[in-house]
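All remarks here apply to the structure that follows.
The values are calculated or read from the model by the stated rules, or taken from the named source; none is laboratory data. Here the structure is a predicted model, which means the values were calculated and not measured. Here Cβ is always computed from backbone atoms with ideal geometry, including for glycine, and neighbour counts include all displayed protein chains. Accessible surface is based on the protein model in full, side chains and every heavy atom, while ligands, DNA and RNA are left aside. Shrake-Rupley method; radii C 1.70, N 1.55, O 1.52, S 1.80 Å.
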Amino acid sequence: MELSGNLELSVSPGYWQDRPPQEALTTAALADQLGYAGLWLGEMATYDVFSLATAVASRTPRVPLTLGPLAVGVRDPMTIARGVASVADLTGRPVSVAIGSSSPVVVRDWHGRDHRRTGTALRECAQALRPLLDGERTTTDGTRARTRGYRLRLPAPKSSLTVAAFGPMAVRTAAAHADRMVLNLLTPASAADLVRQLHSAAAEFGRTPPRVAAWVTAAVDPSAKAVEQLRRGVVGYLAAPGYDAMFEAAGFGEVVAYARTRPHPKELLAAVPPEITAAVGLVGDADTIRARLAEYAAAGVDEVALVPSSTDADPCGERTLTVLSPH
């Protein structure tokens, strides 16, 4: 697909709960075969990301890897740096890393960790990670992230650092410490606002603004099951602070108001209109998606990471990735 400007396209497996986890390996192979600029490997409820990355690298000859965003409330700076260095050394592949705050469900409920003061945890982890990834011995005595005297015994990966951001504190952390900021599930208008915040904060810190990536769900000529899958993906965000205002601004105030009453998830899903998937995703025919990608580029996004829907009609997102392939 021809793109305007310098917009790059990369890929992230969707880890859809209604699909086999092993599909992540096929989606990764497709990203490599179809010439995408990079592959993001997140960490959710299935594979350990360092194990998955090593397996992916054994099946793909060239695609650069970004691991994460990794939850800073779950993984400390030392384990992140050691894990990234392990993948880089074992695979001989350039490996970047992304960090983020994740959700209370993941951090507090699944892992039994403290999810308070997430902005502080993100900033302190970013500060500690930079020297660790460069192979330096470092001491960080933060209130949420601490490490003393460790230095990688493996070759330093010298990875680029990405910070996942949505709120003001995370944007400032990206502006101060990151090589790239990544956004997730947002409209082009919301992306433009966050890019403006990033540039303003970077100017305060005397830094060149980091590049901006956006994870965007994608489905070319989607089936009804694909739309249903994408609808399920927005349910948990409708009443979340910041996201609720974004969905209201996009014209979905009624369903946001209903989400704030905390209905059962099945009842909320039933109220989610199909049109919402196109507001925060790349959904439709190729021309529609091409126009939408141009909107993200105009908003200041440098890279769109496609998160392809996967259904029986388009397993692993193969058709979607083929149609949207940059080559």
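What the table shows:
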item	result
FRET efficiency estimate (nearest 0.05) - Cβ-Cβ, R148 to R290, R0 35 angstrom	0.10
Considering only the chain, percent of DSSP beta bridges that pair antiparallel, nearest 5	10
Amide H contacts under 5 Å for T66, placed H, 5+ residues apart	L39, W40, L41, S96
Accessible-area value, W16, 1.4 Å probe, nucleic acids and ligands omitted, Å²	40
Equivalent-ellipsoid semi-axes of the range 154-267, from the Cα gyration tensor, Å, largest first	31, 18, 13
Cα lying deepest toward the dipole's positive end in the chain, options A245, V97, A218, charges on Cβ	V97
Cα-projected label distance for A189 with R116, points at 7 Å along beta-carbon direction, nm	3.6
Largest-first ordering by accessible area, 1.4 Å probe, given options S86, S51, S12	S51, S86, S12
For E8, distant residues with modelled amide H under 5 Å away	E303, V304
Under Karplus coefficients 6.51, -1.76 and 1.60, residue-wise ³J(HN,Hα) of the range 157-164 in Hz, glycine/proline x	x, 6, 6, 6, 10, 10, 10, 7
R196, R75, ranked by accessible area, largest first (probe 1.4 Å)	R196, R75
Label-reachable residues, the range 209-252, where backbone N falls under 20 Å from a point 7 Å from T322's Cα toward its Cβ	218-227
Global form of the range 212-327, assessed from the alpha-carbon gyration tensor, a/c cut-off 1.5	oblate
Residue-wise HN-Hα coupling along the range 23-40, computed from phi with Karplus coefficients 6.51, -1.76, 1.60 (Hz; x: Gly, Pro)	4, 4, 5, 5, 4, 4, 5, 5, 4, 5, 4, 8, x, 5, 6, x, 10, 9
For the range 17-87: rounded, prolate or oblate by the Cα gyration tensor [a/c cutoff 1.5]	oblate
Per principal axis, descending, Cα span of the chain in whole Å	54, 44, 38
Difference of contour (0.36 nm per residue) and Cα-Cα distance, M44 to E275	80.5 nm
Cα principal axis extents for the range 60-198, largest first, Å	42, 37, 29
Between helix 49-59 and the chain: long-axis angle, C-alpha atoms, 0 to 90°, nearest 10	80
Spatial separation of Cα centroids for the range 277-327 and the range 217-254, in angstrom	15
